[in-house]
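I have placed the structure first, in the form of structure tokens, so that the comments after it can refer back to it.
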Amino acid sequence: MLCSAEVMQYSTPQCSLEERTFHNMTFDALDLSILSTLQKEGRISNADLAERVNLSPSACHRRMQRLESVGVIRGYVALLDPAKVDRRATAFVEITLTGQADEILDAFEKAVARVPDVLECHLMAGSADYLLKVVARDTEDFARIHRQYLARLPGVAQMQSSFALRTVFKTTALPLG
């Protein structure tokens, strides 16, 4: 099996049969193991990560720097418990705009990005143009967010909100296999 020069520079002499190519970048099994571990344990020390993936600490550090420099690892975050920071209510808001012109979409996207309670905004295919994930303290707080921000977003023709009763499953880890 032939290996790309980029992979050969950072891997063992024999390439793994478990290499994967994403967006024209090749990752071997060690890269995938590093990424998988970091998604679950972002605060793991380099020494512990190196031991876990069976690399020397310096080789592990070089791989992490490479994964950061090419943008595969975009950053590191702390995941907070919403209930412990008084954000117990999650609402999903479907937004239908008045039109699909670029200026309408751009104006909406710029305005919604400034709403502090919106965690995610997705341009959708289907009946709604956008789907927002909004967090609030409770339904009264959501009503405030709706009045203060959502109802004032440019180009909105219709909004429909649905509240999550309970989060059954949630992960931030992307599947790499």
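Where a number appears in this text, it was derived from the coordinates with a stated rule and is not lab data. Fair warning: this is a prediction, and the values are worked out from it, not measured in the lab. Cβ coordinates were reconstructed from backbone atoms using ideal geometry, including for glycine residues, and neighbour counts include every protein chain displayed.
Name the residue, out of S69, S58, that is without any contact (Cβ under 8 Å) to a residue 60 or more places away in the chain, in contact with a helix residue (DSSP H, G or I) (Cβ under 9 Å, 6 or more places away or on another chain), surrounded by fewer than 11 Cβ atoms within 10 Å (Cβ to Cβ) and closer than 30 Å to N46 by Cβ.
The unique qualifying residue is S58.
Could you look through the range 110-155, keep only residues that are part of a helix (DSSP H, G or I) and of a type in the set (V, I, T), and pick out the one that is surrounded by the fewest Cβ atoms within 10 Å (Cβ to Cβ)?
Here the residue is T139.
Which residues, counting only those in the range 16-72, are part of a loop (DSSP other than H, G, I, E, B) and among the basic types (K, R)?
Scanning the range 16-72 gives a single hit, R43.
So which residues in the range 163-177 are within 13 Å of F92 (Cα to Cα) and surrounded by 11 or more Cβ atoms within 10 Å (Cβ to Cβ), if there are any at all?
F163, A164 - these are the residues of the range 163-177 that are within 13 Å of F92 (Cα to Cα) and surrounded by 11 or more Cβ atoms within 10 Å (Cβ to Cβ).
Which residue out of L97, L131, L153, L49 is free of Cβ contacts under 8 Å to residues at least 40 places away in the same chain and over 30 Å from F27 (Cα atoms)?
L131
Mind listing whichever residues of the range 104-126 are under 22 Å from L165 (Cβ atoms) and not aliphatic (A, V, I, L, M)?
Across the range 104-126, the qualifying residues are D117, E120, H122.
If you go through the range 76-100, how many residues are within 30 Å of F22 (Cβ to Cβ) and out of contact with any helix residue (DSSP H, G or I) (no Cβ under 9 Å at 6 or more places or on another chain)?
5
(1) farther than 30 Å from L165 by Cα; (2) within 23 Å of the chain's Cα centre (by Cα); (3) not β-branched (V, I, T): which one isn't true of D81, the others all being true?
Answer for D81: the failing condition is (1).
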